[in-house]
1. Assess whether Ala59 counts as being without any contact (Cβ under 8 Å) to a residue 40 or more places away in the chain, crowded, with 17+ Cβ neighbours inside 10 Å and not assigned by TED's automatic domain parsing to the domain that holds Ala151.
2. Determine if region 113-126 includes at least one residue that is hydrophobic (A, V, I, L, M, F, W, C) and within 27 Å of Phe81 (Cα to Cα).
3. At pLDDT below 95 and buried (at least 17 other Cβ atoms within 10 Å of the Cβ): which single residue out of His141, His203, His173 fits that description?
4. Would you tally the residues in region 167-192 being within 23 Å of Ala33 (Cα to Cα), outside any loop (DSSP other than H, G, I, E, B) and touching a helix residue (DSSP H, G or I) at 6+ places or on another chain (Cβ under 8 Å)?
5. Exactly one of these conditions fails for Thr238: (1) at pLDDT below 95; (2) of a type in the set (Val, Ile, Thr); (3) outside the structural domain of Ser63 (by TED's automatic domain parsing). Give me its number.
6. One residue is enough: does region 237-253 have a residue meeting the conditions over 22 Å from Tyr104 (Cβ atoms), out of contact with any Cys (no Cβ under 7 Å at 6 or more places or on another chain) and in contact (Cβ under 8 Å) with a residue 60 or more places away in the chain?
7. So, Arg108, is that one more than 22 Å from Glu255 (Cα to Cα) and either surrounded by fewer than 17 Cβ atoms within 10 Å (Cβ to Cβ) or not small (Gly, Ala, Ser) (or both) or not?
8. Mind telling me which of the residues Ile220, Ile188 ends up being under 25 Å from Thr115 (Cα atoms) and surrounded by 23 or more Cβ atoms within 10 Å (Cβ to Cβ)?
Amino acid sequence: MSFLSKSGRLLVLLSVVSLAFSLQASDPMRIAAASSLRYALDDILTLYRESHPNADIEAIYGSSGKMTAQIMNGAPFDIFFSADFAFPELLKKEGYAATDPVVYATGRIVIWSSTIDAANLTFEDMRSDSIRRIAIAQPAHAPYGLLAKEAMQTAGVWDDVQDKLVFGENIAHAAQMAQSGAAEAAIIALSLARSPVLAMHKHSLIDKALHNPLMQGYVITRRGGNHPEALTFAEFMTTDTANTVLIQYGFITPE
């Protein structure tokens, strides 16, 4: 039986580490993103690939709370774009982030409908018998759902519409409920109301004085700290090119 020398074992170890890093760097860069960001981020990724033709990136969309839990349970995401700054802060605090959280936008909410002219709809109208179902995202894990709840509470209609509420897993799911007619109205992200899929129907912008500002943040995860593409894309999100797209979808970008 032969044994490697001390220097030989060190060489093997370094080779294994180098191979592992190389494999990680060659993996697709995976983004976890809030559903409110779907159309804006898809457009931003298209522009990013124009200047980075070799980029290999996958984006998965869902509720921010659930994606936070997935990352903490080992889901292979490199960057997390949340609909609420608190979730990236939690990941940083618990040791699941390689960078400090960064605010990339502030979101707004609207009343939207595919069956009613929503241009002048108000929370008071939600009490009407003509509106039997109101879709919102689940406040327990979707920041836009929590924002909708907060706005309705401030407006004084939350208790009155309890029997009408139907909850989506995320803000995109809530929009789908109203789009299909399963709900006469929905409280959704302005970014979705401006998307090509929903913009054909009118919406009413909810007064931002009715709720706290929804600061949306991103963080590079602990896994993403070893992926060169993660840092490059994070830097691209601070450019005028990316900010222009975010503004087009109704986001307010940092000054």
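1. Details: without any contact (Cβ under 8 Å) to a residue 40 or more places away in the chain: yes; crowded, with 17+ Cβ neighbours inside 10 Å: yes; not assigned by TED's automatic domain parsing to the domain that holds Ala151: yes.
When the stated conditions are applied, Ala59 passes them.
2. To start, the set of residues in region 113-126 that are hydrophobic (A, V, I, L, M, F, W, C) comprises 116, 118-119, 121, 123, 126.
When the remaining residues are screened for being within 27 Å of Phe81 (Cα to Cα), the result is none.
Scanning region 113-126, I find no residue that is hydrophobic (A, V, I, L, M, F, W, C) and within 27 Å of Phe81 (Cα to Cα), so the answer is no.
3. Working: His203 fails: at pLDDT below 95; His173 fails: at pLDDT below 95.
After applying the criteria, what remains is His141.
4. First, the residues of region 167-192 that are within 23 Å of Ala33 (Cα to Cα): 167-179, 186-192.
Pick out the ones that are also outside any loop (DSSP other than H, G, I, E, B) and you get 167-168, 171-179, 186-192.
After this cut, where a residue has to be touching a helix residue (DSSP H, G or I) at 6+ places or on another chain (Cβ under 8 Å) as well, the list is 167-168, 171-175, 186-189, 191-192.
Total meeting the criteria: 13.
5. All conditions pass for Thr238, except number (3).
6. Applying the first criterion (over 22 Å from Tyr104 (Cβ atoms)) to region 237-253 yields none.
Looking through region 237-253, none of the residues is over 22 Å from Tyr104 (Cβ atoms), out of contact with any Cys (no Cβ under 7 Å at 6 or more places or on another chain) and in contact (Cβ under 8 Å) with a residue 60 or more places away in the chain.
7. So Arg108 fails the test.
8. Numbers: Ile220 fails: under 25 Å from Thr115 (Cα atoms).
None of the other options fit; the residue is Ile188.
The values are calculated or read from the model by the stated rules, or taken from the named source; none is laboratory data. Predicted model only: the values in this text are computed from it and were never measured. Cβ sites come from the backbone with ideal geometry, for glycine too, and all protein chains shown count toward neighbours.
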